[in-house]
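Student: Encoded as C-alpha cells, here's the structure I'll be asking about.
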Amino acid sequence: MGVMITLVAIFNLMTAVWLIFQRLPDPVLAWSVRLGVLVAFAGMAVGYVMTSGPTPAQLAAAQAGQPLTIVGAHSVGTADGGPGLPMLGWSTTGGDLRVGHFVGLHALQLLPLLGFVLTLPWAVRRWSRRQRTLLIWTASAAYLGLVLLVTWQALRGQPLLQPDMLTLGVAMVGVAVTIALLGTIIFVRPVRNRG
C-alpha cells in the first residue's frame, strides 16, 4: 500500500508540474486546477505518513518475533478500529490521519469547482480576472491550511470533534486571515491611475 501511495503521489506531482506549464484558456480555471492538484498532493502525503513505519505496538510485536501483517496506522494515540464517527469511522478517542487525507484529496474537486464558478458570467461581471485569480489563490491557501490543521491535530492524538484550545486558536487565526484577505480582494477596488 505504501508503494502504491508513493507512486500515485509522484504521478500527481508530475501532473501538477505539467499543468503549471500548460496554456489553458482561462487563467482562473487553470489556477484552480493546478492548485487543486497541488493541495491534493498534501492530502496524499498524509496517506504516506499512515504507512511509513510501524506503530510502537507493531514494533514490539516484531521484536517479539511475531510476523507483521500490517505496518502503520491511521489512528494516533489509540488503536485502529475503535469507536468512530458515524458513516466516516474517524476515531472519536484519538487522532485520525484519514481526516487530513480525505480533506486533502477532495481539493481535486472543490478547488476546480470554485474556479468554474468564478468563470460564470455573473462572477466575470462582478470581479476582474486579477481578483478572481486572487480568490482562487486565497481559497487554495486556506484549504491547504485546513489540511495541515486537521493533520496536525491528528498527529497530536486529538479526535476531530474534540480540539484543544491551541488547535481552536490556530483555526480562528486562519479563519480571520482568510476572511480579511477575501474581504480585501472582493471589496477593495483597485486605484486607477489618472493621466
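Student: Where the only charges are on Cβ atoms (+1 Lys, Arg; -1 Asp, Glu), what is the dipole of the chain about its Cα centre, to the nearest 20 debye?
Tutor: With Lys and Arg at +1 and Asp and Glu at -1, about 1280 debye.
Student: How many percent of the accessible area of the stretch 5-112 is carbon or sulfur, using a 1.4 Å probe?
Tutor: Ligands and nucleic acids excluded, carbon and sulfur give 71 percent.
Student: When the scattering of the stretch 1-105 is computed by the Debye formula from its Cα atoms alone, each counted once and equally, what is log10 I(q)/I(0) at q = 0.20, 0.24 Å⁻¹?
Tutor: Here log10 of I(q) over I(0) equals -1.01, -1.20.
Student: Sorted by packing (mean other beta-carbon atoms within 10 Å per residue), highest first, where do 66-74, 105-113 land?
Tutor: 105-113, 66-74
Student: In whole Å, what is the distance between the alpha-carbon centres of the stretch 1-46 and the stretch 73-104?
Tutor: Result: 25 Å between the Cα centres.
Student: With each label point set 7 Å from Cα along the Cα-Cβ vector, what nm distance links residue 20 and residue 182?
Tutor: Once both label points are built, they end up 2.7 nm from each other.
Student: Right, here's the next one. Could you give the angle, 0 to 90 degrees to the nearest 10, between helix 2-20's Cα long axis and the longest principal axis of the Cα atoms of the chain?
Tutor: Compared with the principal axis, the helix lies near 10 degrees.
Student: Also: For n ≥ 4 DSSP H runs only, could you compute -39500 (n - 2.57) per run for the chain, divide by its residues and tell me the 222 nm figure to the nearest 500?
Tutor: Computed ellipticity for the chain at 222 nm equals -21500 deg cm²/dmol.
Student: Mean 1/r over all different Cα pairs, inverted: what Kirkwood radius does the chain give, in Å?
Tutor: 18.8
Student: Can you tell me the order of 135-147, 31-43, 156-168 when each peptide is scored by its average per-residue count of other Cβ atoms within 10 angstrom, highest first?
Tutor: Final packing ranking: 31-43, 135-147, 156-168.
Student: For the stretch 36-186, report the accessible area per residue in Å² (1.4 Å probe, heavy atoms, rounded to an integer).
Tutor: 55
Student: Report the gain in length on full extension from residue 92 to residue 66: 0.36 nm times residue separation, minus Cα-Cα distance, nm rounded to one decimal.
Tutor: 6.4 nm
The values are calculated or read from the model by the stated rules, or taken from the named source; none is laboratory data. Source: prediction; values computed, not measured. Positions of Cβ are backbone-derived with ideal geometry, glycine not excepted, and every protein chain shown enters the neighbour counts. Accessible surface areas use protein heavy atoms only, side chains included; no ligands, DNA or RNA. Shrake-Rupley method; radii C 1.70, N 1.55, O 1.52, S 1.80 Å.
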